[in-house]
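The structure appears below as structure tokens.
The values are calculated or read from the model by the stated rules, or taken from the named source; none is laboratory data. None of these values were measured; they are calculated from a predicted model. So basically every Cβ, Gly included, is an ideal-geometry build from the backbone, and we count neighbours across all protein chains shown.
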Amino acid sequence: MDPALIKLALGGLALLGCIGLFFGIGLALAAHKFAVEANPKVEEVLEVLAGAQCGGCGYAGCEGYAEAVVNDPDVPPNLCFPGKAAVAEAVAEMTGKKLGSVENMVAFLRCARVEGKVSEKYRYIGHGSCSGANLAFGGPQSCLFACIGLGECAKNCPFSAIAMVGGLPHIDTGLCVGCGVCVKICTKSSLELIPAKARVVVHCSTRGSGKMVKEVCDAGCISCRMCIKACPAGAIAVDNDVLVIDHGKCAGYGPGCGEVCAEKCPRKILRRYASPPATESLVKAAG
């Protein structure tokens, strides 16, 4: 081989080596200068979190929440819903934050379109998602606030706690941890989080007038407000045209009222809450 070519090749390798060394030293110096010292407490908190990576806390995974709860004094220690009370207590102790009360929450469907015999405006043929169907005139249901029933909530539940039964989502409260992912993704706001020990619930999320509701649903809330007048605890109100229950007030009053609100509801859409059966047994029964 020509000695000149060998010399040229060796010179090129030496030049590349020098360039690599130069940039390597530069990167090392930059990493040292801009290094952020890791807080060991973040790692400690991360260790006790449930590790479900569900995003129910509102942060990008468990690590995001661990960093926030350690570094931000306004972030509460009870946002790891899969971990429930045990994890909340551990995080509160590690961060020195006040825990307060921790109540297990579960998802609940506020829709009675099947028993209300809500009809379809049209037959939807398209992408099999509720958000997709909602783009076409608010979905196929004649009630604009009814569950569309294409199971987007079930597909996105991190804990497989939702199954579609009879065209409606069924929440298995034994599996549901109250992370709220389904509530956030529900196009119609038909799902909400309620305390697992709630006394009464509203099976309707309509925002329409009584006349409008009667035209499309045989069971929907007609906004008569009889339940509000009957409730001795003042636990029922209308917020943004939707009937809501303050479960803290309701539970705090005690059983003395006998759930008179449910008795007074002429449409029987406000009812005593009973935890539904497990999803597996219900699916088998439905065939």
Can you tell me which of (1) on the phi > 0 side of the Ramachandran plot; (2) modelled with pLDDT of 90 or more is the one GLY55 doesn't meet? (2)
Take the residues in region 153-184 that are assigned to a strand (DSSP E or B) and among the aliphatic types (A, V, I, L, M), then tell me which one is nearest to GLY55 (Cα to Cα). ILE162
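Residues checked against (1) crowded, with 18+ Cβ neighbours inside 10 Å; (2) charged (D, E, K, R); (3) more than 27 Å from ASP218 (Cβ to Cβ); (4) assigned by TED's automatic domain parsing to the domain that holds PRO82:
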position	(1), (2), (3), (4)
SER129	no, no, yes, no
ALA136	no, no, no, no
CYS143	yes, no, no, no
ILE148	yes, no, no, no
GLU152	yes, yes, no, no
PRO158	no, no, yes, no
ALA163	yes, no, no, no
GLY174	no, no, yes, no
THR187	yes, no, no, no
Enumeration of residues in region 131-187 that are small (Gly, Ala, Ser), free of Cβ contacts under 8 Å to residues at least 40 places away in the same chain and on the phi > 0 side of the Ramachandran plot: GLY138, GLY149, GLY151, SER160
Just to verify a result, which residue in region 213-229, among those that are charged (D, E, K, R) and in a helix (DSSP H, G or I), is farthest from GLY116 (Cα to Cα)? LYS229
Consider region 57-115. How many of its residues are assigned by TED's automatic domain parsing to the domain that holds ILE245, part of a loop (DSSP other than H, G, I, E, B) and surrounded by 21 or more Cβ atoms within 10 Å (Cβ to Cβ)? 4
Can you tell me how many residues in region 64-94 are in contact with a helix residue (DSSP H, G or I) (Cβ under 6 Å, 6 or more places away or on another chain) and not aliphatic (A, V, I, L, M)? 4
In the set LYS268, LYS229, LYS249, the lone residue that is closer than 28 Å to PRO140 by Cβ and surrounded by fewer than 16 Cβ atoms within 10 Å (Cβ to Cβ) is LYS268
Can you say whether VAL69 is closer than 30 Å to ILE269 by Cα, touching a Leu at 6+ places or on another chain (Cβ under 9 Å), at pLDDT 90 or above and not polar (S, T, N, Q), as far as the supplied structure shows? no
So ILE125 passes all but one of these: (1) under 29 Å from ARG272 (Cβ atoms); (2) assigned by TED's automatic domain parsing to the domain that holds ILE245; (3) out of contact with any helix residue (DSSP H, G or I) (no Cβ under 8 Å at 6 or more places or on another chain); (4) free of Cβ contacts under 8 Å to residues at least 24 places away in the same chain. Which condition number does it fail? (1)
